[in-house]
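Visitor: If you scroll down you'll find the structure; I have some questions about it.
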Amino acid sequence: MTATEHAVGLVHVAARAASEKLAAHIVAFDVSEQLAITDAFVLASAGNERQVGAIVEEVEDRLREAGAKPIRREGQREGRWVLLDYGDVVVHVQHEEERQFYALERLWRDCPLIELPADVVTTQR
């Protein structure tokens, strides 16, 4: 089983939104084979808490425009690691230090990457 078209579409929306707010290291994994609760993870980094907040706001706005409703949101107060759960897709926006420390890419490295649109800047800014 692979991520649904709907989930991949939401991944693209979230990745574009994060990219527009200058997120770094944007990557998406198809976790549908490993987890029954979601199809995909999107990971994005920011250099400070304020930027984490800006990325989160943009992702939420864009996903809302796409008709997605969040199930859960965690970590907003601290601004170091915010998790946005949309059911089919979970978006992690992390401060660079948390991203390096928790190394989610290492945990999910056996899962296939989801190709992101060409207009999404995925590298360090």
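Visitor: Could you list all residues from the stretch 85-125 that are in contact (Cβ under 8 Å) with a residue 60 or more places away in the chain and in contact with a Lys or Arg (Cβ under 8 Å, 6 or more places away or on another chain)?
Guide: Result: 86, 117, 119, 120.
Visitor: Additional query: Taking only pairs six or more apart or across chains, which ones have beta-carbon atoms under 6 Å, a first residue in the stretch 29-40 that is over 15 Å from residue 84 (Cβ atoms) and surrounded by fewer than 21 Cβ atoms within 10 Å (Cβ to Cβ), and a second residue that is at pLDDT 95 or above and of a type in the set (Asp, Glu)?
Guide: Final answer for the pair search is 32/39.
Visitor: While we're on this one: Could you say whether any residue in the stretch 46-62 is of a type in the set (A, V, I, L, M, F, W, C), surrounded by fewer than 21 Cβ atoms within 10 Å (Cβ to Cβ) and under 21 Å from residue 100 (Cβ atoms)?
Guide: Yes - at least one qualifying residue is present in the stretch 46-62.
Visitor: Here is a further query. Being basic (Lys, Arg), in a loop (DSSP other than H, G, I, E, B) and out of contact with any Asp or Glu (no Cβ under 9 Å at 6 or more places or on another chain), is that true of even one residue in the stretch 9-23?
Guide: Looking for residues that are basic (Lys, Arg), in a loop (DSSP other than H, G, I, E, B) and out of contact with any Asp or Glu (no Cβ under 9 Å at 6 or more places or on another chain), one finds none in the stretch 9-23, hence no.
Visitor: Looking only at the stretch 63-86, which residues are buried (at least 16 other Cβ atoms within 10 Å of the Cβ) and small (Gly, Ala, Ser)?
Guide: Listed by number, the residues that qualify are 68, 75, 79.
Visitor: Could you identify the single residue in 114, 37, 55, 71 that is among the β-branched types (Val, Ile, Thr), within 17 Å of residue 10 (Cβ to Cβ) and modelled with pLDDT under 95?
Guide: The unique qualifying residue is 37.
Visitor: Considering each of 43, 10 in turn, give the residue that is farther than 23 Å from residue 97 by Cβ, buried (at least 19 other Cβ atoms within 10 Å of the Cβ) and touching a residue at least 12 places away in the same chain (Cβ under 8 Å).
Guide: Sole residue among the options that is farther than 23 Å from residue 97 by Cβ, buried (at least 19 other Cβ atoms within 10 Å of the Cβ) and touching a residue at least 12 places away in the same chain (Cβ under 8 Å): 10.
Visitor: Can you tell me how many residues within the stretch 111-120 are crowded, with 16+ Cβ neighbours inside 10 Å and either closer than 19 Å to residue 37 by Cβ or more than 14 Å from the chain's Cα centre (by Cα) (or both)?
Guide: Result for the stretch 111-120: 2.
The values are calculated or read from the model by the stated rules, or taken from the named source; none is laboratory data. Keep in mind that this is a model prediction, so the values were computed, not measured. Don't worry about glycine lacking a Cβ; one is built from the backbone with ideal geometry, like all the others, and counts go over all protein chains shown.
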